[in-house]
Structure formats: C-alpha cells, structure tokens
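Everything below concerns the one structure shown next.
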Amino acid sequence: MPNGLLPRSACQTDELLRNPPAGSPAGSKPYNRHKYAFDNKVKNKPPRPSTRPRKPLNLPFQPVNPHHTDALAVAPSGSYLNWKVLKADSEALAEGDDSEKRLLPLLKVFHVFNLDQVDGLPNEYRAAPDTGTAWEPSEIAERIIECSGAEIRHGGFRAFYSPPNDLIYLPLRSSFRDQASYYSTALHELCHWTGHASRLGRKLGKRFGESAYAMEELIAEMGAAFLAAHCRLEGQVQHANYITSWLEVLKRDKRAVFTASAQAQKAADYLLEHAGLITPADAMPLAA
C-alpha cells in the first residue's frame, strides 16, 4: 500500500482526497480468472450445480453429446438455475397515455452433468491441470495463514470470505501471477475473517450505514498491507476499484481513516498473535 495512505490529521485527509493512491487498474485481478474457472460452454456463465463437481466444469443435457444421451439419462445430474427479469411495455390505459414498463421474472432450470460423466469431448472442454506455483512460498505468511485456523478452500475463479459459512475461498495458488499477489489476496480475506462475531466482532453499520461495506474493504486492505509489511512482501493496492467508494467515505467523515487504520491494526495483531509473531502485550487492545 502506498505511503501516505494513513493521514495523521483532517488536513492530510483532504490531501488524500485530492491525490488518491494509485493501484491496480479498476477491475483487474491478481490471478488468472479463466484458467481454473467454473465454466458453461453453452451459456458462457458459471453454473451453480446442487452437487459438488468432481472437476470444475459442468455441461447442460442437450448440447453435451447427442450420441450418449441414453447413458446420461440415468446418470446423476445437478441443477443449474438461471433467472433474469425481462422488461416489457404494457398497453396504455387511455389514448394518448404513455405505455408503462412491466417487469417479468423468468426462471429456467437446466440439468447439468459433470465433466467426468461425458465421453468423447474435445480437449478444449478439459480443465487445465494444476501445474504448481512458479514462485516460492513465504514462510512467515504461511505461518500466519496456518495458525489462524481459518478454513480456506482453493478452486474456482473468485477470492472472497463468506460470513454465513465462515469460509475463505481462493483460486488455486498456481493461478496467481506471483508470490505477493497470492499472499496479499489471502491476507486480505483473512482480515475479513477476523471480523466474525466469534473473533473480533467488527460492526460498522451503526456509524457508517450504507458505507459499511466500503469501510470493511478498506480495513481488510489496510490490514493486509500491515501483514504484508511484516512478511517483507512487496505489492500494491489490489482492490483499486474500491478507491472511489473509500474516498466517498472520507469526504463524509474525515476521521473514518483513523477508524479504519485502528480496526485494521486489530485484525493484523489478531493474526500475528495467533501465529506467535507478537505477544499479547504488543497487540492493540480490543477495546481501543
């Protein structure tokens, strides 16, 4: 994270608003989203099968392979729900009136089959093998991740923390372009994980309202930066597309950055303490 992200006064907050930090291009990801993505070759959309796939690829019944439909008819399948809302013009109530827009919900159900259930498909339907990483793991970062006790599942094409499931999902390590990209993403999601009610119990909604999500992202990004510095990892802002929303928060609350930095430090200290890298006396008090 660039220097100057943590202003010490409201005046420096104004300076930050005038010169926001640079980072990765908006919308870019530090990993290859397509190499190991769940894929749907017909609709080009990620399916959501009701059964866990054995390989990250599921295909709908009809276009799979017309020569093997008898075998597929008795094979177990998953369900893929595709829904959208259509807009249609309704008839005007009176002559001269403008027509009104109607919203028509449309739901379709597809039966999908795992890649292992289908024979005779071209190689382009096969997922690329995990070839391993081309970068060396960080001993300190690995210690932080392992000692946290967080359950992390690798696979798919998104990196996120799921509060209802209390799980962290990351793409395969080999899909990240370098060491810093993987660990900055993993540590970012770990900082989200610390906010669970069973850990730090971070609550932002009462003060920040609809900006609570942007604040949580800022806390996770700053916490990941603190941890990356502890691990001696190089990197840059990975979630640059959030910068606009962060700046909107700072415009409304000049002290929001102090709240974010304090909460980020608590998250980082929580993880460092559990990894045995700092003592309880070094950690920021939870009530601070």
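Read through the list (1) surrounded by 22 or more Cβ atoms within 10 Å (Cβ to Cβ); (2) without any contact (Cβ under 8 Å) to a residue 24 or more places away in the chain, then give the number of the only condition that Ser175 fails.
(2)
Looking for whichever is touching a residue at least 12 places away in the same chain (Cβ under 8 Å), surrounded by fewer than 16 Cβ atoms within 10 Å (Cβ to Cβ) and out of contact with any strand residue (DSSP E or B) (no Cβ under 8 Å at 6 or more places or on another chain) here; the options are Gly149, Gly209. Which one fits? If you could, list the steps in order and put the result at the bottom.
On the way: Gly209 fails: touching a residue at least 12 places away in the same chain (Cβ under 8 Å).
The unique qualifying residue is Gly149.
What tally of residues in region 125-152 results from selecting those that are assigned to a helix (DSSP H, G or I) and at pLDDT 80 or above?
In the first step, residues of region 125-152 are kept if they are assigned to a helix (DSSP H, G or I); the result is 125, 139-148.
Going one step further and asking which of them are at pLDDT 80 or above, we end up with 139-148.
Result for region 125-152: 10.
Here's a check for you: in region 257-276, which residue that is among the aliphatic types (A, V, I, L, M) and crowded, with 18+ Cβ neighbours inside 10 Å is farthest from Trp193 (Cα to Cα)? Show your work before the answer.
First, pick out the residues of region 257-276 that are among the aliphatic types (A, V, I, L, M): 257, 260, 262, 264, 267-268, 271-272, 275.
If we keep only those that are crowded, with 18+ Cβ neighbours inside 10 Å too, we end up with 257, 260, 264, 267-268, 271-272, 275.
Working: Val257: 20, Ala260: 16, Ala264: 12, Ala267: 9, Ala268: 11, Leu271: 10, Leu272: 14, Ala275: 15 Å.
Step by step, filter region 257-276, then rank; the result is Val257.
The values are calculated or read from the model by the stated rules, or taken from the named source; none is laboratory data. If you're wondering where the values come from, they're calculated on a predicted model, not measured in any experiment. For neighbour counting, all protein chains shown are included, and Cβ atoms are generated from backbone atoms with ideal geometry for every residue, glycine included.
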